[in-house]
There are 2 protein chains.
Amino acid sequence: MNPNRATSKPVAITMGDAAGIGPEIIAKAFRDAPAITQNCFVVGDLATMRRAVKIVSGSQNPSSIPQAVALINSAADLAKVPPNCIPLLQISELSALVPIGFLSNLTGKLAADCVVWAALAALKGDVAAMVTAPLHKEALALAYKASGEAYLNHPGHTEMLQAEAAAFLGKSMANMPVRMMLANDELRVVLVSIHVSLQDAINAVTVDNILQTLRITHAAFQATLGRAPRIGVAGLNPHAGEGGLFGREEIEIIAPAIAQACAEGINAFGPFAPDTVFMRARATSGKPGEFDAVVAMYHDQGLIPVKYLGVEKGVNVTLGLPLVRTSPDHGTAFDIAGTGRADASSLIEAIRMAKSLVGASGG
Amino acid sequence: MNPNRATSKPVAITMGDAAGIGPEIIAKAFRDAPAITQNCFVVGDLATMRRAVKIVSGSQNPSSIPQAVALINSAADLAKVPPNCIPLLQISELSALVPIGFLSNLTGKLAADCVVWAALAALKGDVAAMVTAPLHKEALALAYKASGEAYLNHPGHTEMLQAEAAAFLGKSMANMPVRMMLANDELRVVLVSIHVSLQDAINAVTVDNILQTLRITHAAFQATLGRAPRIGVAGLNPHAGEGGLFGREEIEIIAPAIAQACAEGINAFGPFAPDTVFMRARATSGKPGEFDAVVAMYHDQGLIPVKYLGVEKGVNVTLGLPLVRTSPDHGTAFDIAGTGRADASSLIEAIRMAKSLVGASGG
């Protein structure tokens with residue numbers, strides 16, 4: 001993508017669950033990647049972010065902590081924030097600091113409020129993109145249980161964003177299909193299905209699901225690259241079925257879906273042997289990959305190669321939404337939250353990716 | 001494994017299909033990797049190997065070709081072969097040179113004869129290990145059709161070797177279970193199933209199949225490493241089923257198989273999330289992997305990570321046989337055979353791996 005594309009609109013970073021590692025990795029990202037976090041602000045809680053800055057500094061002495069957190073009232077205030085200061089927009093308040101590493105309906109609701117605010121800001125065009133630090137799905141469920149409010153009744157970020165985008169556009173959620181893309185510097189993989197058993201993933205290999213994945217991938221990359229992307233499509237079976245010898249899904253389902261996509265002007269190729277298509281798509285310094293993206297038939301087929309060289313560089317991108325949203329490829333890590341040990345690499349990559357994707361929403 | 005383990009017995013390299021790239025990559029291996037091919041000889045056809053040497057040299061002038069092929073009568077003759085000379089044992093003859101890139105029952109039979117000879121030599125202890133250049137399965141089938149001889153009635157190398165080993169030990173083939181291992185410098189993966197559809201691979205995830213894979217892996221590595229290997233076991237479903245949420249095979253099948261293996265003294269761990277277990281097992285300079293090998297539940301789960309960094313370094317090792325057998329991880333490549341363009345890297349790695357594994361057969 002184009003990391004140099006200038007944008008004047010800022011990027012909103014949602015704080016995630018206040019009891020998880022989100023606040024700490026955000027503090028580290030602002031400290032360690034000032035160029036990448038320039039023109040970004042946090043949607044979150046002031047006291048929580050101040051605690052995170054203290055944890056990350058490793059110091060008990062406030063005067064020796066090199067970072068500060070500055071409250072802003074809107075994105076327009078960003079220009080006034082001094083360097084080494086994390087700009088923070090507080091759209092909802094915690095009554096008190098919550099203990100780190102524990103589930104709470106309060107942190108669940110705060111995290112969701114930040115996501116909803118950022119989604120609307122992105123949909124309205126007030127921010128260029130949103131980057132979401134990890135929320136905790138159980139805390140979100142507790143928040144819904146405690147309040148009964150419909151906007152909290154979602155399993156996670158993706159569904160919440162689908163609902164907000166659908167409502168904004170006056171569509172039903174069913175008409176707001178999305179796909180998960182995992183990306184790092186060398187490989188971009190879009191998944192036909194995600195968190196289902198391998199058996200259910202086989203059942204989800206249908207012409208409709210593949211075609212929808214290809215359409216979403218095509219549209220997202222077309223907007224970013226300014227040209228039709230080359231999309232490699234993995235088979236389902238070893239050797240892509242070897243002509244029907246080990247499975248017929250390639251012949252009966254995947255090839256017809258590719259043919260239909262091609263008829264719509266999508267540059268889709270395959271189905272290819274799953275054990276070599278990712279290697280072929282891999283871009284390294286000096287060797288561009290054969291494809292801009294690979295459509296994988298199931299979760300692990302796509303995630304094994306993306307994660308093989310290290311999870312810390314993987315970024316999750318939600319394709320199909322009328323906004324740009326990226327996130328680090330990890331969870332709240334309650335087990336290490338509060339220790340300052342959490343690695344901010346994936347969040348930093350997610351911010352970098354969000355900036356490079358700006359324009360992809362067609363906005 | 002231990003690449004420095006000294007062995008005085010030679011390694012036999014079978015020529016593979018005479019119409020494929022086997023002869024050429026063997027000629028290149030002897031030319032480009034003299035240290036690795038030292039104490040190795042080819043089981044094949046003299047005229048075919050001489051043609052391959054000529055192709056690989058790129059020269060039409062015999063006096064300018066730096067390599068020669070020297071006939072030997074037995075492994076004992078190896079010491080007499082001068083440098084830059086490929087030692088060749090001819091155990092069966094082609095009536096004439098066969099055209100390159102075409103299927104023939106003659107090349108099928110010759111390839112099989114070489115494999116059977118090398119297998120018996122390895123079983124009897126006359127050679128330390130065997131490395132097999134690719135044969136063509138259809139040529140092998142043609143050879144069986146033409147002659148009706150039972151030893152040709154096998155789909156490929158692996159079954160042929162199982163049959164020879166079983167006959168040598170007076171066992172049935174059913175009592176000679178084998179598993180395919182794919183290995184490169186950083187990762188070793190053993191597969192529960194190979195060339196079946198993904199649906200059949202799910203059905204093959206049984207306690208018996210997993211336990212057998214663990215026993216074979218344990219025995220092979222125990223012999224090579226001189227200690228019980230640490231074996232990581234991948235789950236079948238995303239996130240290893242996330243506690244039963246996306247599939248129950250981990251709970252009902254894989255974990256019980258691991259428990260039983262542990263009760264037998266096997267160091268098996270898991271089941272782990274498939275999208276991170278290979279990264280964890282990956283050994284890089286300065287960082288040993290967490291596991292000596294990973295047991296993968298199906299073909300692509302294991303082969304995607306092994307091949308991601310490039311197919312040319314992948315080596316196929318057959319575990320479970322009472323002999324050491326490795327092979328390059330590619331086929332006969334009829335499309336480029338005769339051009340001299342075939343890459344010998346995987347064959348060279350296979351020879352290096354075979355030498356490092358010597359001792360693994362318990363011989």
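Worth a mention:
- In degrees, nearest ten, helix A:299-308 long axis to first principal axis of chain A (Cα): 60 degrees
- Whether region A:177-311 is rounded, prolate or oblate, judged on the alpha carbon gyration tensor where a/c under 1.5 counts as rounded: rounded
- Estimated inter-spin distance, B:Thr339 and A:Phe168, nm [label 7 Å along Cα→Cβ]: 5.1 nm
- On Cα atoms only, tilt of A:207-225 relative to the major axis of chain A in degrees: 60 degrees
- Compactness of region B:1-124 as Cα Rg over 2.2 N^0.38 Å, two decimals: 1.04
- Listed peptides B:153-165, B:108-120 by packing density, highest first (mean Cβ within 10 Å): B:108-120, B:153-165
- With respect to chain B, whose longest principal axis is taken over its alpha-carbon atoms, helix B:157-169 is tilted by about 90°.
- Computed from Cα atoms alone, the Kirkwood hydrodynamic radius reported for region A:175-245 is 13.6 Å.
- Whole-percent carbon and sulfur share, accessible surface of chain A, 1.4 Å: 52 percent
- Label-point separation in nm, B:Ala150 to A:Asp200, each point 7 Å along Cα→Cβ: 5.0 nm
- Å³ per residue enclosed by the Cα convex hull of region B:110-157: 68 Å³
- For region B:233-247, a drop of 40 Å² or more in accessible area on going from the chain alone to the assembled protein chains (1.4 Å probe) is found at B:Pro238, B:Phe246.
- Relative contact order, whole percent, for chain B stands at 23, derived from Cα pairs under 8 Å and 6 or more residues apart.
- Legend: residues in region A:191-228 shielded by at least 40 square angstrom of accessible surface upon adding the remaining protein chains to the isolated chain (1.4 Å probe, heavy atoms) are A:His195, A:Ser197, A:Leu198, A:Gln199, A:Ile202.
- Annotation for A:Gly286, label-to-label distances across the other copies: 2.0 nm (shortest first, one decimal, point 7 Å from Cα along Cα→Cβ).
- A straight Cα-to-Cα reach below 12 Å connects B:Lys313 with the aspartates and glutamates B:Asp185, B:Glu186, B:Asp329, B:Asp343, B:Glu349, residues fewer than 8 places away in its own chain not being considered.
- In this simple spin-label approximation, A:Ser92 and B:Glu93 carry label points 7 Å from Cα along the Cα→Cβ vector, and these lie 8.7 nm apart.
- Unit Cα scatterers, Debye sum, region A:109-252: log10 I(q)/I(0) for q = 0.14 Å⁻¹: -0.85
- Accessible area per residue for region A:257-363 is 32 Å², calculated with a 1.4 Å probe on protein heavy atoms, without ligands, DNA or RNA.
- Test item: A:275-287 mean partner chain Cβ contacts at 10 Å: 3
- Projecting the Cα atoms of A:Val324, A:Ala141, B:Thr339 onto the charge dipole of the protein assembly as shown, computed from C-beta unit charges around the Cα centre, puts B:Thr339 farthest toward the positive end.
- Translational diffusion coefficient (Stokes-Einstein; Kirkwood radius from C-alpha pairs) of region A:44-194 at 4 °C, 1.567 mPa s, in µm²/s: 74 µm²/s
- With the label put 7 angstrom out from Cα along the Cα-to-Cβ vector, A:Cys262 ends up 5.1 nm from the copy partners, going from closest to farthest.
- Dipole in debye (nearest 20) - the protein assembly as shown, about Cα centre, beta carbon charges: Lys, Arg +1; Asp, Glu -1: 1560 debye
- Summed over both chains, the area buried between B and A is near 3100 Å², taken from the accessible surface of protein heavy atoms with a 1.4 Å probe.
- Proximal lysines to A:Lys54, defined as alpha-carbon separation beneath 25 angstrom and excluding residues fewer than eight positions away on the same chain: A:Lys28, A:Lys80, A:Lys109
- Among beta bridges that DSSP assigns inside region B:175-308, antiparallel share in %, nearest 5: 30 percent
- Considered as an equivalent ellipsoid built on the Cα gyration tensor, chain B has semi-axes of 37, 21, 19 Å, the largest given first.
- Across all directions, the shadow cast by the convex hull of the protein assembly as shown built on its C-alpha atoms averages 34.8 square nanometres.
- Summed residue charge, Cβ within 15 Å of B:His218's Cβ, Lys/Arg positive, Asp/Glu negative: +3
- Pseudo-label separations to other copies for A:Gly156 - Cα-to-Cβ vector, 7 Å, nm: 3.6
- All Cα pairs of region A:107-190, percent lying beyond 19 Å: 44 percent
- The convex hull defined by the C-alpha atoms of region A:234-363 has an orientation-averaged projected area of 10.5 nm².
- Averaged over the residues of peptide A:293-306, the number of Cβ atoms from other protein chains lying within 10 Å of each residue's Cβ is 5.
- Computed [θ] at 222 nm, helices only, for chain B once each DSSP H run of length n ≥ 4 contributes -39500 (n - 2.57): -11500 deg cm²/dmol
- Heavy atoms of the protein chains alone define the surface here; on that basis region A:8-101 has 43 Å² accessible area per residue at 1.4 Å probe size.
- Shape index of region A:142-213: Rg/Rh, with Rg the Cα radius of gyration and Rh the Kirkwood radius from the inverse mean 1/r over Cα pairs, equals 1.04.
The values are calculated or read from the model by the stated rules, or taken from the named source; none is laboratory data. These figures come from a predicted structure and were not determined experimentally. When we count neighbours, we look across all protein chains shown, and the Cβ atoms used for this are built from the backbone with ideal geometry, even at glycine. The area values use the complete protein model at the heavy-atom level, side chains included, leaving out ligands, DNA and RNA. Shrake-Rupley method; radii C 1.70, N 1.55, O 1.52, S 1.80 Å.
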